[in-house]
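First the structure, in the form of structure tokens, and then the observations on it.
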Amino acid sequence: MTPSGTNSARLPDTPGSASGPSGSSGTSGSAAWAAAWELLLPAASAPARARGRSLQAALREAVRSGRLAPGTRLPSSRELAADLGVSRGLVTEAYEQLTAEGYLRSDRGAGTWVGGAVRAAHPRARDLAPRSPGAHVDFLPGTPDLALFPRAAWAAAQRGVLAELPHHALGYPDPRGLPRLRTALAELLTRRRGVVADPERVLVVSGVAQATTLLGFVLHARGVRAVGVEDPGTPEHGGLYASAGLRTVPLPLDDEGLAMGPLRESGVRVVATTPAHQFPSGIAYSARRRAELLDWAHSVDGLVVEDDYDGDFRYDRAPVGALQGLDPEHVAYAGSVSKSLAPGLRLGWLLVPSSLAEEVVERKRTMDLGNPVVDQALLARFMERGDYDRQLRRCQRAYRERRDALVAALEHHFPGTQVSGIAAGLHAIATLPLRYGPPPRFLARVAAAGVAVRPLTDYAQTPVGEEEGAVVRLVLGYAHVPPARIWEGVGLMATAVAG
């Protein structure tokens with residue numbers, strides 16, 4: 001018995017043309033079958049061994065996508081086989097398989113129908129990657145110039161790696177990372193950043209975010225429940241540590257770095273820092289403050305987590321060496337290629353004190369069984385052949401030029417602006433004269449002019465008072481903006497606030 005209110009959709013009694021079924025009655029079932037027809041044509045022309053699977057997959061997709069709606073009657077196996085030019089047994093097997101799976105149903109003597117069990121939504125792949133707001137000029141901080149990515153050298157390294165990588169190396173890797181890459185990283189970090197880097201204590205990770213989470217899980221397992229963070233500081237720290245069950249305690253800065261009095265009074269024994277170039281204030285921790293911070297770590301048997309996110313980029317002098325080099329047993333050091341190559345590579349490193357090494361490695365193993373082997377070997381080759389050093393020099397030249405352009409443009413369009421922080425990194429702090437405030441009005445006008453900027457108050461870990469927020473202080477990212485566009489963007493801001 002056929003279900004009431006449904007329409008059959010039959011193919012013609014004679015094989016149809018390649019353009020699809022003919023002779024439809026104009027009913028909704030016929031229209032549904034005609035709409036699904038194009039999905040079946042490739043199955044009929046598939047190689048003989050794959051023809052059955054292809055037909056099943058095509059029918060299954062027609063039902064999932066809604067091209068064959070519930071209640072649609074399908075042609076008989078004889079008719080469909082004749083129309084497609086395939087054997088009847090192949091069609092019968094396809095009908096039986098999809099009936100067993102619930103996509104179709106068959107009533108004895110009444111034919112085969114599309115079932116009503118399918119509830120799959122139409123497939124849709126969304127892109128949740130962070131994007132700039134679509135402004136005409138984007139000064140949002142944290143992004144390198146991705147156009148500087150060394151595509152030719154990277155491709156050459158990839159060809160070399162694929163040619164030389166032995167088959168056994170494609171198995172599950174050491175969770176710490178390939179020995180070849182850990183050795184290359186230890187040499188690089190010792191030479192460029194002054195760290196104490198034993199390859200046995202270097203872990204390859206998916207960026208500083210994973211390094212932070214790894215440490216968070218291990219510290220939580222040891223009974224730690226709170227981590228001190230810089231205020232202002234990196235907004236992501238709170239979420240990363242929270243995912244490991246830790247709360248963050250905002251700690252203020254002074255002109256030399258993390259203020260020691262509030263740190264001692266907080267009771268925390270772990271603190272996350274950016275001492276080479278504090279984000280976002282742009283200061284470098286003084287030698288005295290670095291020593292005081294390490295003295296504190298000794299006194300409480302604590303840990304300093306050092307995020308060296310842009311330590312290679314200093315424009316007025318040689319970069320200050322990493323804090324980890326002074327006390328590798330009380331400092332965990334993390335970095336990545338996100339600013340030097342591209343954040344999408346998801347490659348970074350973590351150096352941990354010997355007391356934490358085994359636990360961190362075990363947590364890394366259970367988390368993901370290690371990073372992709374080919375990517376690790378590629379980065380190792382890139383470093384061994386000097387390509388990474390050349391890339392750092394290329395970026396440093398470009399970013400220094402862009403910082404100089406930003407300072408000059410601000411002096412020209414906003415006389416009296418103070419650019420604070422050291423000449424380093426990928427962003428600068430600009431404090432505009434009081435006459436350009438208040439901040440809400442400034443930000444609204446600049447946004448309306450098509451310029452994306454972010455105020456320093458966005459990075460505060462604690463609420464900002466009215467008096468403190470009366471002056472316009474901007475965190476301006478410049479690394480991804482060419483000099484001409486920097487001048488254009490600052491000019492647009494000046495025009496917007498003058499109107």
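The values are calculated or read from the model by the stated rules, or taken from the named source; none is laboratory data. Being a predicted model, the structure only gives us computed values, none of them experimental. Reconstructed Cβ throughout: ideal geometry from the backbone, glycine too, with neighbour counts over all protein chains shown. Heads up: the accessible areas ignore ligands, DNA and RNA and are worked out on the full protein's heavy atoms, side chains in. Shrake-Rupley method; radii C 1.70, N 1.55, O 1.52, S 1.80 Å.
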Take the range 291-311 and flag every residue that is farther than 16 Å from residue 350 by Cα and either out of contact with any Asp or Glu (no Cβ under 9 Å at 6 or more places or on another chain) or basic (Lys, Arg) (or both). 291, 293, 295, 296, 299, 300, 301, 302
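Please determine, by comparing only the residues of the range 77-92 that are open to solvent by 40 Å² or more (accessible area, probe 1.4 Å) and not in a helix (DSSP H, G or I), which one is modelled with the highest pLDDT.
Result: 87.
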When residues of the range 185-229 are limited to those that are in a helix (DSSP H, G or I) and among the acidic types (Asp, Glu), the one farthest from residue 276 (Cα to Cα): 200
Just checking, does the range 234-248 include any residue being assigned to a helix (DSSP H, G or I), hydroxyl-bearing (Ser, Thr, Tyr), under 25 Å from residue 326 (Cα atoms) and modelled with pLDDT of 95 or more? no
One residue is enough: does the range 356-365 have a residue meeting the conditions within 17 Å of residue 215 (Cβ to Cβ), small (Gly, Ala, Ser) and either in contact with a Phe, Trp or Tyr (Cβ under 9 Å, 6 or more places away or on another chain) or assigned to a helix (DSSP H, G or I) (or both)? yes
Here are 449, 444: which of them is over 30 Å from residue 318 (Cα atoms) and surrounded by 18 or more Cβ atoms within 10 Å (Cβ to Cβ)? 449
Given (1) buried (at least 21 other Cβ atoms within 10 Å of the Cβ); (2) closer than 16 Å to residue 405 by Cα, where does residue 487 come up short, assuming only one miss? (1)
Working only within the range 262-278, note down all residues that are outside any strand (DSSP E or B) and open to solvent by less than 30 Å² (accessible area, probe 1.4 Å). 263, 268, 274, 275, 276, 277, 278
Say we look at the range 46-76 and pick out the residues that are among the small types (Gly, Ala, Ser) and under 26 Å from residue 109 (Cα atoms); which of these is farthest from the chain's Cα centre (by Cα)? 76
For the range 353-368, check the following and say yes or no: at least one residue is free of Cβ contacts under 8 Å to residues at least 40 places away in the same chain and farther than 21 Å from residue 176 by Cα. no
Subset of the range 413-424 (residues that are free of Cβ contacts under 8 Å to residues at least 24 places away in the same chain and touching a helix residue (DSSP H, G or I) at 6+ places or on another chain (Cβ under 8 Å)): 417, 419
Of residues in the range 298-332 being within 32 Å of the chain's Cα centre (by Cα) and part of a helix (DSSP H, G or I), the one nearest to residue 190 (Cα to Cα): 325
